[in-house]
1. Return yes or no: is A:LYS444 part of a helix (DSSP H, G or I) and over 19 Å from A:ILE299 (Cα atoms)?
2. Of everything in the range A:428-452 that's touching a Phe, Trp or Tyr at 6+ places or on another chain (Cβ under 9 Å) and surrounded by fewer than 18 Cβ atoms within 10 Å (Cβ to Cβ), which residue is nearest to A:ILE244 (Cα to Cα)?
3. When only residues in the range A:308-326 that are hydrophobic (A, V, I, L, M, F, W, C) and without any contact (Cβ under 8 Å) to a residue 60 or more places away in the chain count, which is farthest from A:ASP390 (Cα to Cα)?
4. Kindly provide the set of residues from the range A:472-487 that are charged (D, E, K, R), surrounded by fewer than 18 Cβ atoms within 10 Å (Cβ to Cβ) and not in a loop (DSSP other than H, G, I, E, B), ordered by number.
5. Within the range A:488-522, which residues are under 32 Å from the mean Cα position of the chain (by Cα), surrounded by fewer than 18 Cβ atoms within 10 Å (Cβ to Cβ) and not in a helix (DSSP H, G or I)?
6. When residues of the range B:114-132 are filtered for being of a type outside the set (A, V, I, L, M) and within 11 Å of another protein chain (Cβ to nearest Cβ), how many remain?
7. Determine, yes or no, whether A:LYS408 is basic (Lys, Arg), part of a helix (DSSP H, G or I), surrounded by 15 or more Cβ atoms within 10 Å (Cβ to Cβ) and within 14 Å of another protein chain (Cβ to nearest Cβ).
8. Could you name every one of the helices (runs of 4 or more DSSP H) located completely within the range A:202-265 that has at least 3 residues being among the hydroxyl-bearing types (Ser, Thr, Tyr)?
Amino acid sequence: MGNKQQWTETTLAKSLARGKERKEFKSTSGVPLERLATPEDLHEDYDTALGYPGQYPFTRGVQPTMYRGRLWTMRQYAGFATAEESNKRYKYLLSQGQTGLSIAFDLPTQIGYDSDDPLATGEIGRVGVAIDSTKDMEILFDGIPMDKVSTSMTINAPAVVLLAFYIAAAEKQGVTADKLNGTTQNDILKEYAARGTYIFPPAPSMRLVTNLFGYCSANTPLWNTISISGYHMREAGCSAAQEIAFTLADGIAYVEAAINAGMDVDDFAGRLAFFFASHNNLLEEVAKFRAARRLWAKIMKERFHAKKERSMMLRFHTQTAGCTLTAQQPDNNIVRVAVQSLAAVMGGTQSLHTNSKDEALALPTEESVRIALRTQQIIGYESGVADTIDPLAGSYYVEDLTNKLQAKAEEYIARIDDIGGAVKAVEVGFIQREITDSAYEYQKAVEVKDQIVVGQNEFMVEKVPVGALHKIDPATADLQIKKVTEVRKNRNQDNVKEKLAALRAAATDADTNLMPYILDCARIYCTEGEICNELRAVFGEYRATEVL
Amino acid sequence: MADKKIRILIAKPGLDGHDRGAKVIARTLRDAGYEVIYTGLRQSPEQIVASAISEDVDAIGISVLSGAHNYLFPRIIELLKEQGSDDILLFGGGIIPDEDIPPLKELGVAALFTPGAPLSDIVGFLSERYAS
């Protein structure tokens with residue numbers, strides 16, 4: 001009999017006979033949580049299961065020195081109204097010590113509509129910045145040297161178009177594509193599963209994804225071609241284990257698509273990046289990041305026979321969990337964000353966005369963004385958690401949870417493999433249904449207070465007026481419509497017609513990489529809507545089957 | 001509940017893809033005994049009103065998180081009036097600043113639920129409406 005069993009039957013049993021525990025303890029992934037993890041819960045060999053940072057299986061981190069070399073990139077996602085307005089916010093963030101940019105686009109831009117399209121009505125500049133052409137991109141980066149800053153763009157269905165605008169704007173600054181550093185999210189599968197900004201059906205969309213891989217591997221060696229995202233699926237309601245599984249299953253689908261398009265795995269896999277959420281359950285989240293890293297390394301090595309270590313590294317961005325923010329007592333959100341950020345850092349993230357306290361109510365104000373950024377800086381410079389590598393390794397509990405989350409994620413990936421892969425799993429609604437089931441279960445738990453949300457369903461106060469919120473100037477839409485009209489007027493129309501026609505012709509041949517054609521269009525100020533409409537004409541549009 | 005089930009259209013207008021709330025509400029109302037039709041994403045106000053009329057619903061619930069509420073709610077009300085269907089109840093939820101709520105209610109939005117609203121409030125609101 002092990003000592004743990006002896007303890008369970010004696011000391012613990014006596015205590016439990018006197019009084020029960022508060023509740024049944026389970027992770028968000030439904031895994032029963034260990035009351036007390038001990039060495040008896042760990043059966044693994046240190047070198048194979050954990051190893052060393054910068055070495056396979058990367059459980060302890062992707063870089064040999066982690067944050068002792070350089071802290072993570074502090075990258076606040078921002079963008080609103082016009083390019084002029086957002087340009088000011090970016091310069092402010094850079095002046096406050098932020099180390100990378102992250103562009104939020106408005107919904108018309110994300111779905112390939114120009115600002116003067118009737119479908120854009122009411123949405124221009126609301127959730128991000130409106131970018132209609134290369135002209136807007138030039139304004140967005142006015143005074144920001146594009147060879148010096150790394151830029152992440154949350155753009156998916158039209159990622160090829162916005163990257164082309166970015167490259168064309170850089171050329172105007174005299175910066176060549178090979179100097180550009182950043183990321184295009186370019187992850188269409190999670191758009192079908194959770195986020196909703198799809199345009200085209202899956203097959204041509206996967207082609208655009210791999211076209212971007214192909215172009216970048218030859219022309220922009222520093223560019224992260226995709227950010228395979230679990231964040232939005234987690235926000236939509238899935239558990240930590242599902243987040244690992246659905247994200248890595250999407251990753252598998254992209255790697256397969258690129259290999260099928262004729263690429264060698266080691267030519268593109270090193271530029272794949274990932275994006276996860278960080279929630280309140282600090283230890284489960286740390287375990288999640290570690291499990292995801294170890295599992296991806298195994299997939300790349302064993303399933304895809306990658307040779308380069310770089311191809312096996314799961315490098316990721318993290319954002320704190322928007323869905324955990326409460327509209328009630330918004331100051332409490334500062335604490336939530338701090339806990340979530342700690343999880344991301346102790347989980348070994350490469351970059352981090354911290355949400356602002358007022359984001360359950362509006363886009364954040366400059367003041368609340370500053371607090372969010374300061375939260376990262378306090379963790380980085382004061383808390384000490386960044387001073388040693390993978391500080392929670394060896395915690396019996398965290399190692400046990402890491403193993404359990406990995407096992408649960410592997411079960412899900414096997415189910416998705418059985419369905420025929422992530423593309424198929426999205427087409428038949430499997431992933432959507434799993435997410436909605438989890439979201440509904442969570443909400444029911446909140447409703448009956450099985451899940452306490454401080455300030456929202458417990459510890460409530462009378463509603464207090466919140467301070468100033470960020471407002472979008474109602475003149476934004478008219479201004480943006482005027483700008484795009486001007487752009488269309490002041491360009492060589494014959495040239496535009498010719499390049500758009502060439503793009504459409506190229507789109508009909510599934511083996512042609514469209515990126516050079518789109519770049520030709522971007523350079524002469526074709527608008528995003530015009531480019532996407534050419535592609536819509538050839539590819540058609542995706543219609544979702546709704547899963548309730 | 002009466003013999004004929006109350007029919008509710010849950011809709012996502014505009015371009016916003018955040019449908020967690022809409023889906024949770026749809027399931028909640030279904031479990032509470034309503035007949036629920038969910039439109040899916042990216043419905044224009046015109047499409048929503050057309051679906052509401054062709055599905056013969058008693059109420060429309062819309063979810064807006066993108067900030068476009070001051071365009072979308074009034075437009076749906078206007079269309080319902082134009083079609084002589086303003087007997088259909090319109091309610092909604094999402095990220096809607098406090099000061100925007102009174103004008104929208106003035107226009108005829110029956111109820112607005114903001115982040116953190118308990119499901120029981122939404123079910124309670126409807127059961128009060130359809131009690132008799």
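The values are calculated or read from the model by the stated rules, or taken from the named source; none is laboratory data. Quick caveat: nothing in here was measured; it's all calculated off a predicted structure. All Cβ positions, even for glycine, are placed from backbone atoms using ideal geometry, and neighbour counts span all protein chains on display.
1. yes
2. A:GLN451
3. Restricting to residues being hydrophobic (A, V, I, L, M, F, W, C) and without any contact (Cβ under 8 Å) to a residue 60 or more places away in the chain, the top hit is A:LEU325.
4. Result: A:ASP478, A:LYS482, A:GLU486.
5. A:THR508, A:ASP509, A:ALA510, A:ASP511, A:THR512
6. Summing the residues that are of a type outside the set (A, V, I, L, M) and within 11 Å of another protein chain (Cβ to nearest Cβ) in the range B:114-132 gives 6.
7. no
8. Once the helices (runs of 4 or more DSSP H) in the range A:202-265 are filtered for at least 3 residues that are among the hydroxyl-bearing types (Ser, Thr, Tyr), what remains is A:202-219.
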